[in-house]
Each structure stands twice: as C-alpha cells, then as structure tokens.
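No lab work stands behind these numbers, since they all come straight from the coordinates. This is a predicted model, so every value here is computed, not measured. Cβ coordinates were reconstructed from backbone atoms using ideal geometry, including for glycine residues, and neighbour counts include every protein chain displayed.
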Amino acid sequence: MKSQLSGLFNITKPAGITSYKVVETIKQVTGIQKVGHTGTLDPFASGILVLCLDKACRLAEYIKNEKKTYIADIILGIVTDTYDKTGIKENVSPKEPDLKEIENIIESFSGEQFQLPPMFSAKKIKGKRLYHYARDGETIERASQKINIYGIELQKYKYPLVKIKVTCSAGTYIRVIGNDIGSKLETGAYVDALTRTGVGNFNIEESTPLNYINKENWQNFLLPSSLAVNSLPKVILDIQQIGLIKRGLSVYYDKGEGKDMAIACVSENEDVIAIAKYSSKTSELIPQKVFV
C-alpha cells in the first residue's frame, strides 16, 4: 500500500482549464484523493494555484487569506458580459485616454473599498454558483464585499492595451477592476489576459508548470506543509512535546513575546503538528487545531 504523503504544490495553471481540472490531474498523478486548491483561478487565467495534499488540506484557510498579486491585460473600448475575453463583446467608445488620465484612474483604486462580485463568478448564493444564474439569464441580488488594494500600478499603456499589476486581499475580482477602470475612463474595458504571480510567500518564479508533474516525479515537487502558515510565528517541537500536543495537552514555552497569539507548532521535518494559542499568563502553548 502506498504511504500517504501530505504537503503543498505550487502549481502554474495554464490558461484554458479550470482550477478543478488541476486538482483532478494531481489526484490522478499522486493517487491521493484528498487534494484541494486554495483559491480559484478563472479558466481563462493562468498562474499560481497552491494545492494542499492530504492532511495539509486543513491548512488551506491560512493560504486562502493571504495577499494575491496579479498581472492583467485590459483592453479599452469594449465591454463583455463576463468582464473578460470569454464573454460577448460590445463596442463602447473609440476614445483614446492620455497617459496621465490612465495613471490617475488606476491610482484611484488603491486602498480599502467595496466590490460587487460579478454574475459570472464561482461565488455561491442560495447554494448555487452565480455563473449558473448568469447562464440562465438571471441577475441575482448580491452584497458588495470589502476588499483592499494594497498596490496597483500601470506597467504598460499602448492603446487599447492597459497592463496593470495589482496586489490585493483575498476575494478581489480583477475582472471587476478592469471593468470599473473602463467605466471611469468612459471607454468601457474588459480583461483580456490575467496571470496570478503571487500568493502570500509563494511566487510564480518558483512555481511548477502542471505538465512537468507526473507519476514518477511528483514527490520531488511536494513542499512542506509549514509553508502554509508562513504568516504565523513558528516553534519547532521535540518528540515529547509532539506527543503531548497530539493528545490535546499544553506544553511549556518560555519564549513568547509577552502577549497571547496564534503559533504554528512544527516538527523538525517542517510538518505542521498544530496551531496553538500561546498564553502569556501561563507560558504555555495550548493546541487549538491538531493535524496529526
């Protein structure tokens, strides 16, 4: 019987396939059925898709909440019903904005704001994904979501192409930003190409193209599960401490920062043992979520 391995994959998803297809491919390659991704990429988009394997699936939430970075090609003068290249196109305006106007509009998207999820999206309302409603010609009332654009910059402008780089909070739709840029410019716009280049500490330079991975080499690309909790302080536990934590018992820890906080408890092999709460009163690590 094949031994179960857990960990993470930093996959480069090609454009033209769904995130679900990537997950199914990794299941077939590894022979392990417990595989999940940490944030959907639209089929037309490419770039980083971080996958969790086996026990590491319970760590997905920590990656899902990380900042994301994207490169988007926006085409002015045309809108689509999906806000991207896959939708039905409609000409809006031949207006060619000057560079200063483009820069000012893009800069206006920085910071915290509310964004309305597009109808063509995987977001669920009443147990049904929005794109199912949209395909049936229905428009469903949906609430705006609070997002944060940590950074947005113009990388290239040659009409009708506007290329931008965006670093944003989880749950941000870059297609909506592209559409909104077109609205503010009064030209209309849609996203023609989209690449996710960063998810937290994961970057596209270290990402592995999906077609590089096969049944013989997949273990070479498996990353330690501890990378999922890079945003948390870490402490390496010895065998005795791991035994206590596994039984739901607290362990003494005298190197806290004097305040209560979440800490990732890991083994010497960088496997995540538990997420624990550090108690400044008792100098203990109290297990909150155990993974072994």
Q. Around residue 190, with a cut-off of 12 angstrom between Cβ atoms, what is the net charge of the other residues, counting Lys and Arg +1 and Asp and Glu -1?
A. -3
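Among the DSSP beta bridges whose two residues both lie in region 232-290, what percent are antiparallel, rounded to the nearest 5? Mind showing how you got there, number by number?
Working: 14 of 17 bridges.
Close to 80 percent.
Taking 21 Å as the cut-off for C-alpha to C-alpha distance, list the pairs among 234/259; 89/163; 34/85; 124/163; 27/165; 68/246 that go past it. Walk me through the numbers on the way to the answer.
Details: 234/259 15 Å; 89/163 19 Å; 34/85 33 Å; 124/163 30 Å; 27/165 32 Å; 68/246 33 Å.
Beyond 21 Å: 34/85; 124/163; 27/165; 68/246.
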Q: Can you pull a Stokes-Einstein diffusion coefficient for region 143-237 at 10 °C (1.306 mPa s), Rh from Kirkwood over Cα pairs, as a whole number of µm²/s?
A: 95
Q) Could you give me the ³J(HN,Hα) list for region 261-269, computed from phi with Karplus coefficients 6.51, -1.76, 1.60 and θ = phi - 60°, whole Hz, x at Gly and Pro? A) 6, 7, 9, 8, 9, 10, 8, 5, 8
Q: Could you run the Debye sum over the Cα atoms of region 30-73, one equal point scatterer each and no solvent, and tell me log10 of I(q)/I(0) at q = 0.28, 0.33 Å⁻¹, two decimals?
A: -1.05, -1.22
Q) So how many Å³ per residue does the convex hull of the Cα atoms of region 68-199 work out to? A) 101
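What Kirkwood radius, in Å to one decimal, follows from the Cα pairs of region 178-285? Walk me through the numbers on the way to the answer.
Values: mean 1/r = 0.0567 Å⁻¹.
For region 178-285, inverting the mean 1/r across all distinct Cα pairs yields 17.6 Å.
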Q) Which net charge results for the neighbourhood of residue 77, defined as the other residues with beta-carbon distances under 12 angstrom from its beta-carbon, given Lys and Arg at +1 and Asp and Glu at -1? A) -2
Q: Answer with one residue from 285, 226, 190: the one whose Cα lies farthest towards the positive end of the charge dipole of the chain, charges on Cβ with Lys, Arg +1 and Asp, Glu -1.
A: 285
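Given that compact globular proteins tend to follow 2.2 N^0.38 Å, what is the ratio of the alpha-carbon Rg of region 232-290 to that value?
Working: Rg = 10.1 Å, N = 59, 2.2 N^0.38 = 10.4 Å.
With N residues counted in region 232-290, Rg over 2.2 N^0.38 Å equals 0.97.
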Q: Choose one of 140, 92, 28: the residue whose Cα lies farthest towards the positive end of the charge dipole of region 1-152 (beta-carbon charges +1 Lys, Arg; -1 Asp, Glu; about the Cα centre).
A: 28
Q.
Using alpha carbons only, how many angstrom separate the centre of region 253-270 from the centre of region 132-188?
A. 39
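Sorted by packing (mean other beta-carbon atoms within 10 Å per residue), highest first, where do 193-199, 285-291 land? Could the numbers behind the result be given before it?
Values: 193-199: 21.0, 285-291: 18.3.
Packing proxy ranking, top to bottom: 193-199, 285-291.
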Q) Which of the peptides 165-174, 259-268, 71-80, 237-246 is most tightly packed, and how do the rest follow, going by the mean number of other Cβ atoms within 10 Å of each residue? A) 71-80, 165-174, 259-268, 237-246
Q) Hey, in the GNM for the chain with a 10 angstrom Cα cutoff, which one of 204, 140, 106 fluctuates hardest? A) 140
Q. Using unit Cβ charges (K, R positive; D, E negative) and no other charged atoms, how large, in debye to the nearest 20, is the dipole of region 232-290 about its Cα centre?
A. 260
Q) Roughly how many debye, to the nearest 20, is the charge dipole of the chain about its Cα centre, given +1 on each Lys and Arg Cβ, -1 on each Asp and Glu Cβ, and no other charges? A) 900
